[in-house]
Amino acid sequence: MCGRTSCHLPRDVLTRACAYQDRRGQQRLPEWRDPDKYCPSYNKSPQSNSPVLLSRLHFEKDADSSERIIAPMRWGLVPSWFKESDPSKLQFNTTNCRSDTIMEKRSFKVPLGKGRRCVVLADGFYEWQRCQGTNQRQPYFIYFPQIKTEKCSGRISAHYSPENWEKVWDNWRLLTMAGIFDCWEPPEGGDVLYFFFFFTVDSCKGLSDIHHRMPAILDGEEAVSKWLDFGEVSTQEALKLIHSTENITFHAVSSVVNNSRNNTPECLAPVDLVVKKELKASGSSQRMLQWLATKSPKKEDSKTPQKEESDVPQWSSQFLQKSSVPTKRGTAGLLEQWLKREKEEEPVAKRPYSQ
């Protein structure tokens, strides 16, 4: 179902992560609209602003529909009939749309018919699995499998030119989810509020033990281009892209993420459920486990000597209490290295913004 995401990258890094080729085959970086509204976070919840990709043609009528813009938008529907000045006063919160009922509800059908398609950007999303026989739920972080990519050597437009195309994103592959956006005008006037919601579909086999629904994920540049290019790709053709994908991986995370106010790297850091189970009998072991699960990388004493690799607990990826889904090796390890490197290289200005 997806009620929480992570998108913690600083604005310039997020821009490079969204590098693309326009219709002429030229390498481009998307431009920003309202960049000051973007707040990086490891724990984004509905009603917060999240970055979405969309065609420039939505804002400039003579633009090439293959050119892209990144815009922070509110996560969640604000219906046109809502007449309060503050959207947070809505008594309900619609954050997604079932793909099989999209044409039945005016709030979804109208913006889709106008071509208001967007791609919701995230490191990944969180989902909670109900633990059998208890009231507890285990959170998981779900994302694209990560592999090292070759640095692009293509030519980039001088208009966007970073000093070196080698700097273009070559680390974490962003999750790209199919969404729709629309706008709401305050009854007393003022700036138009843009909001989005995304499609949900039946979960793929690999995620079905966690939850029966998942976001519609656009897997690959071709799918992203077709979904965004409403000037060339009809609604009927675009809807063929709305389906589940098996190209996904996940790992268990700490209950720290349960509170949307928590905005630290440990929200998406892997935890080992096997270790949790083995240590359950001992009170002191439980306290140690709690310390390991909640110790933020930012709280580590820089003077503390590093442990030998053999002494570091090994995190398992994709351990389910019920499922026998095979582990996709290496991905959780890449995440751990990614978080560690960010912590070591992170300037003060890049530290997570707490909403």
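The values are calculated or read from the model by the stated rules, or taken from the named source; none is laboratory data. This structure is a prediction, so every number in the text was calculated from the model and none was measured. Cβ atoms come from the backbone with ideal geometry, glycine included; neighbour counts cover every protein chain shown. Accessible surface is based on the protein model in full, side chains and every heavy atom, while ligands, DNA and RNA are left aside. Shrake-Rupley method; radii C 1.70, N 1.55, O 1.52, S 1.80 Å.
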Report the calculated FRET efficiency for Asp34 and Arg137 (r = Cβ-Cβ distance, R0 = 35 Å), to the nearest 0.05. 0.50
What's the ranking of 194-205, 129-140 by average number of surrounding C-beta atoms within 10 Å, highest first? 194-205, 129-140
Approximate spin-label separation Glu60-Lys105, in nm, with each point projected 7 Å along Cα-to-Cβ: 3.4 nm
Lys114 paired with Ile147, simple spin-label distance in nm, labels 7 Å along Cα-to-beta-carbon: 4.0 nm
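Report D for region 166-263 in µm² per second (integer): Stokes-Einstein, Kirkwood Rh on Cα pairs, 37 °C, 0.692 mPa s.
In µm²/s, the coefficient is 199.
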Residue span Cys204 to Glu185: 0.36 nm per residue of separation minus Cα-Cα distance leaves a gain in nm of 3.1 nm
Calculate, for region 1-66, the solvent-accessible area per residue in square angstrom, rolling a 1.4 angstrom probe over the heavy atoms of the protein chains. 39 Å²
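Note the full-extension length gain between Asn258 and Asp219 as 0.36 nm times their separation in residues minus their Cα-Cα distance, in nm to one decimal.
Residue separation times 0.36 nm, minus the Cα-Cα distance, leaves 11.3 nm.
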Across Lys44/Lys114; Lys37/Lys240; Lys44/Lys226; Lys61/Lys240; Lys37/Lys205, pairs whose alpha-carbon gap is larger than 30 Å: Lys37/Lys240; Lys37/Lys205
